[in-house]
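Asks: Let me begin by handing over the structure; questions about it come next.
Just so it is clear, none of the values below were taken in a lab; they were calculated from the coordinates. Keep in mind that what you see is a predicted model, and the values were worked out from it rather than measured. For neighbour counting, all protein chains shown are included, and Cβ atoms are generated from backbone atoms with ideal geometry for every residue, glycine included.
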Amino acid sequence: MESTELITPEVINSGMSYKEYRDLIDSLLADGKTTGENQSQQIVEYAKLNNQRMNRIDKTVELTEEAAKVLKNIRRSQTWVVLTEGWCGDAAQNVPVIAKMAAASDKITLSLLLRDEHLDIIDAYLTNGGRSIPKLVALDDETHEELFNWGPRPVPAQEIMMDFKNNPNGRERQEVYQQIHKWYADDKSTTMQKEIADLIKDSEK
């Protein structure tokens, strides 16, 4: 089965807007919970921290001039399906930016899906064999063909993670996550915006 066949109109319609996604996370955190089946204290603490990250990014993220221009000139109506979870640090860094980009174009509809409720879809978009998120899949609204996909991280952040996996050198995973989040803070989403803008431009050719 083609990966795009898994993302049926029914699946897309079941997805959440960015506001609905944030409201769900807030509601779960109010009950000491997060999205997904793992409700360990550690995961819930991650979700709290990541919610704070999203709040900050919502207030501070600005589209680059290039990204805004590309988004304004999109010709094909499309749906951006994003697989995500509230406890995921990379999702916290990237989903608010994806939402900001989608909101800048009247050609884009955003549909957020919880990864753990759609394992068949994420398994069609594995990253080095893992179910890494967030994962953005852009689909043409008329033909349902995949225009592009992106994720789970901008290339430089992914290179930091791959370097750790290939050469741990006694480092702890948490140390590497801190390095990646520092990279996100320094980059202010400019690399991610360029990567997605370039994918959009390629899909419009």
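Asks: For the chain, what is the calculated [θ] at 222 nm in deg cm²/dmol (nearest 500), taking -39500 (n - 2.57) for each run of four or more DSSP H residues and dividing by its residue count?
Replies: -16500 deg cm²/dmol
Asks: Report, in debye and to the nearest 20, how large the dipole of the stretch 3-204 comes out about its Cα centre when Lys and Arg carry +1 and Asp and Glu carry -1 on their Cβ.
Replies: So the dipole magnitude of the stretch 3-204 works out to roughly 700 debye.
Asks: Show me the helices of the chain, taken as full DSSP H stretches, that run 20 Å or more along their long axis by Cα and average -0.5 or above in Kyte-Doolittle hydropathy.
Replies: Span-like helices here: 89-103.
Asks: Find the relative contact order for the stretch 3-204 and round it to a whole percent, using C-alpha pairs within less than 8 Å whose residues are 6+ positions apart.
Replies: Dividing the mean separation by the residue count of the stretch 3-204 yields 24 percent.
Asks: With the calculation restricted to Cα positions, what are the radius of gyration and Dmax of the chain in angstrom?
Replies: Cα-based Rg and Dmax for the chain come out at 16.5, 50 Å.
Asks: Follow-up question, since we're still on this one. Amide H of Glu145 versus every other amide H placed in the peptide plane: which residues, excluding those fewer than 5 positions away on the same chain, fall under 5 Å?
Replies: The list, which skips near neighbours in sequence, is Asp140.
Asks: Sticking with this one: For the cross-link pairs Lys48/Lys201; Lys69/Lys165; Lys72/Lys165; Lys33/Lys100, which exceed 28 Å when the distance is taken from alpha carbon to alpha carbon?
Replies: The answer is Lys48/Lys201; Lys69/Lys165; Lys72/Lys165.
Asks: Report the residue, chosen from Arg131, Arg53, Arg171, that carries the largest GNM mean-square fluctuation when the chain is represented by alpha-carbon nodes joined by springs under 10 Å.
Replies: Arg171
Asks: Under 18 Å Cα-Cα from Lys194, which aspartates and glutamates qualify once same-chain neighbours fewer than 8 residues away are excluded?
Replies: Once the sequence-local aspartates and glutamates are set aside, what remains near Lys194 is Glu62, Glu65, Glu66, Asp90, Glu159, Asp186, Asp202, Glu204.
Asks: Give the relative contact order (percent, whole number) for the stretch 1-109; include only Cα pairs under 8 Å separated by 6+ residues.
Replies: 30
Asks: With point charges of +1 on the Cβ of Lys and Arg and -1 on the Cβ of Asp and Glu, referenced to the Cα centre of the stretch 116-194, which listed residue (Ile122, Trp183, Asn149) lies farthest in the positive direction of the dipole?
Replies: Trp183
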